[in-house]
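Engineer: Please find one structure pasted underneath; my questions will follow.
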Amino acid sequence: MPTNERQDSADLERLAAGIIRAQGNRFIKELLRSNGITIGATKDEFEANLMAAIHSGHLTLADVETWLAEVEGWGNQHVYLYRISDTLRRQLTPPRIHRKVTEAGFEELWDAPTVLQFPDLPTLTSISFNDSVLRLVWQEASPAWARAEEKDYTAEEGLDIYEYRAWRMAEHRAVTRFDAHLGLKLAGLFVPNPIQGEEHARAVDEAKRVIGLLMDLSQLTDNQLEISLVSRNMDQRNVPGQAAAQPKVKTQRSRLTSGGAYVEFAANASDRAYWEEDAIRGVRRSVRDQQLGQFYGTGGVFLFQPFNGLERELRVQLYGEDNRTRLWAQMKENEVWTILKELNQYA
């Protein structure tokens with residue numbers, strides 16, 4: 001075996017052993033299943049099968065890294081976006097943040113690895129400040145049900161026939177992040193979609209509590225992007241004939257509100273812009289730039305077209321009332337930040 005392959009195998013063995021110690025059976029079986037490897041029924045069998053797959057080359061370090069990226073992922077999340085003011089930027093230096101981390105009792109989390117943590121409750125697992133990016137990470141287990149048709153069966157009871165449809169519990173990881181990109185002068189609080197309702201609100205509150213221990217929270221929240229303005233302006237500037245000939249964004253749905261009334265433009269199909277209908281586009285063009293200040297955008301659904309590293313159409317929903325952005329697709333990190341930088345241009 002070449003030296004680099006032996007090193008990868010040794011690294012993978014250490015990683016696998018750490019996952020087993022930290023997480024137990026339920027997450028390992030998803031890794032094995034996704035790579036077509038025999039699972040087994042006990043932790044000992046899991047570990048034996050995992051190590052055998054590593055030694056045989058059926059499971060590589062790249063396989064595990066891909067699995068971890070899928071478990072963690074970007075996109076399919078809610079985002080609260082903030083501008084970093086010059087005042088806040090002066091607070092965000094690695095030495096100062098490191099000191100604040102220590103004062104808050106989080107020293108063991110500084111640059112801590114996060115790949116092995118799947119706690120049952122949301123847990124702050126890492127704080128880092130690298131390449132001008134301050135990142136806080138909270139992780140938790142996020143079980144979901146996956147259809148298992150191979151386990152379906154029917155049974156007769158008396159004169160009745162019953163059909164039983166099986167679902168298998170699949171364990172995933174939900175990651176909440178706060179990223180402050182000094183170079184972009186933007187910060188984002190990212191809450192994954194599986195965290196909803198009251199749990200979502202608690203995740204946001206807890207994130208803000210911790211962020212407030214490291215910096216002046218008001219300097220962050222006072223500079224939150226007004227999504228109602230982003231929604232309104234992005235729609236206005238991407239109507240053909242009223243903006244560039246080739247819009248970066250297609251508006252599938254947009255609502256403009258003024259006082260106690262609103263007007264809504266929407267396409268019946270989820271993959272079209274409302275202004276692709278000539279008559280509707282003509283009506284929308286009646287709102288001139290000088291009149292736009294009389295409206296705010298309650299929200300909308302936008303289809304980002306391929307540009308600046310985006311290789312596919314991506315669906316984004318804006319909620320004006322609570323300044324929230326919803327990214328509907330699983331994405332890469334660079335895709336997420338390309339979209340967020342574009343939103344910032346319309347604020």
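Engineer: Consider only pairs whose beta carbons are under 7 Å apart and that are at least six residues apart or on different chains; among these, list those whose first residue lies in the stretch 239-263 and is closer than 14 Å to residue 281 by Cα and whose second residue is of a type in the set (Val, Ile, Thr) and at pLDDT 90 or above.
Structural biologist: 252/301; 253/301
Engineer: Can you name the number of the only condition in (1) in a strand (DSSP E or B); (2) in contact (Cβ under 8 Å) with a residue 60 or more places away in the chain that residue 303 fails?
Structural biologist: It is condition (2) that residue 303 fails.
Engineer: Which of the residues spanning the stretch 233-272 are small (Gly, Ala, Ser) and not in a strand (DSSP E or B)?
Structural biologist: Result: 241, 244, 245, 259, 260, 267, 269, 270.
Engineer: So which of 327, 340, 292 is in contact (Cβ under 8 Å) with a residue 40 or more places away in the chain and either under 18 Å from residue 241 (Cα atoms) or touching an Asp or Glu at 6+ places or on another chain (Cβ under 6 Å) (or both)?
Structural biologist: 292
Engineer: Out of the stretch 179-204, which residues are over 12 Å from residue 81 (Cα atoms) and in a strand (DSSP E or B)?
Structural biologist: 192
Engineer: Now for a different question. Quick one: is residue 335 part of a helix (DSSP H, G or I), of a type in the set (D, E, K, R) and touching a residue at least 24 places away in the same chain (Cβ under 8 Å)?
Structural biologist: Yes; evaluated as a whole, the condition is true for this residue.
Engineer: Restricting to the stretch 241-287, and then to whatever is under 17 Å from residue 318 (Cβ atoms) and hydroxyl-bearing (Ser, Thr, Tyr), can you tell me which residue is surrounded by the most Cβ atoms within 10 Å (Cβ to Cβ)?
Structural biologist: 254
Engineer: Ok, one more. Name every residue in the stretch 184-203 that is surrounded by fewer than 19 Cβ atoms within 10 Å (Cβ to Cβ) and modelled with pLDDT under 95, in order of residue number.
Structural biologist: Selection gives 193, 194, 196, 197, 198, 199, 200, 201, 202.
Engineer: Moving on to the next point. Would you tally the residues in the stretch 288-338 being touching a Gly at 6+ places or on another chain (Cβ under 8 Å), surrounded by fewer than 19 Cβ atoms within 10 Å (Cβ to Cβ) and aliphatic (A, V, I, L, M)?
Structural biologist: So the count comes out to 1.
Engineer: Looking at (1) surrounded by 19 or more Cβ atoms within 10 Å (Cβ to Cβ); (2) modelled with pLDDT of 85 or more; (3) among the aliphatic types (A, V, I, L, M), find the lone condition where residue 104 falls short.
Structural biologist: Unmet for residue 104, out of (1) surrounded by 19 or more Cβ atoms within 10 Å (Cβ to Cβ); (2) modelled with pLDDT of 85 or more; (3) among the aliphatic types (A, V, I, L, M): (1).
Engineer: So, of the residues in the stretch 112-131 that are surrounded by fewer than 13 Cβ atoms within 10 Å (Cβ to Cβ) and farther than 20 Å from residue 204 by Cβ, which turns out to be modelled with the lowest pLDDT?
Structural biologist: Only one residue fits best here, namely 113.
Engineer: Determine whether the stretch 71-86 contains at least one residue that is in a helix (DSSP H, G or I) and at pLDDT below 75.
Structural biologist: Yes, because at least one residue in the stretch 71-86 is in a helix (DSSP H, G or I) and at pLDDT below 75.
Engineer: Scanning for something under 27 Å from the mean Cα position of the chain (by Cα), outside the structural domain of residue 204 (by TED's automatic domain parsing), of a type in the set (Gly, Ala, Ser) and closer than 19 Å to residue 229 by Cα, does the stretch 321-344 turn up at least one residue?
Structural biologist: Scanning the stretch 321-344, I find no residue that is under 27 Å from the mean Cα position of the chain (by Cα), outside the structural domain of residue 204 (by TED's automatic domain parsing), of a type in the set (Gly, Ala, Ser) and closer than 19 Å to residue 229 by Cα, so the answer is no.
Engineer: So which residues in the stretch 81-107 are at positive phi and in contact with a Phe, Trp or Tyr (Cβ under 8 Å, 6 or more places away or on another chain)?
Structural biologist: None; the set is empty.
Engineer: Hey, another quick one. For the stretch 137-178: of the residues being part of a strand (DSSP E or B) and of a type in the set (S, T, N, Q), which is modelled with the lowest pLDDT?
Structural biologist: So the residue we want is 139.
Engineer: Residues in the stretch 213-226: is at least one surrounded by fewer than 17 Cβ atoms within 10 Å (Cβ to Cβ), in a helix (DSSP H, G or I) and within 17 Å of the chain's Cα centre (by Cα)?
Structural biologist: The answer is no, given that none of the residues of the stretch 213-226 is surrounded by fewer than 17 Cβ atoms within 10 Å (Cβ to Cβ), in a helix (DSSP H, G or I) and within 17 Å of the chain's Cα centre (by Cα).
The values are calculated or read from the model by the stated rules, or taken from the named source; none is laboratory data. The model shown is predicted, which means the values in this text are computed figures rather than measured ones. Please note: Cβ atoms are built from the backbone with ideal geometry, for glycine as well, and neighbour counts cover all protein chains shown.
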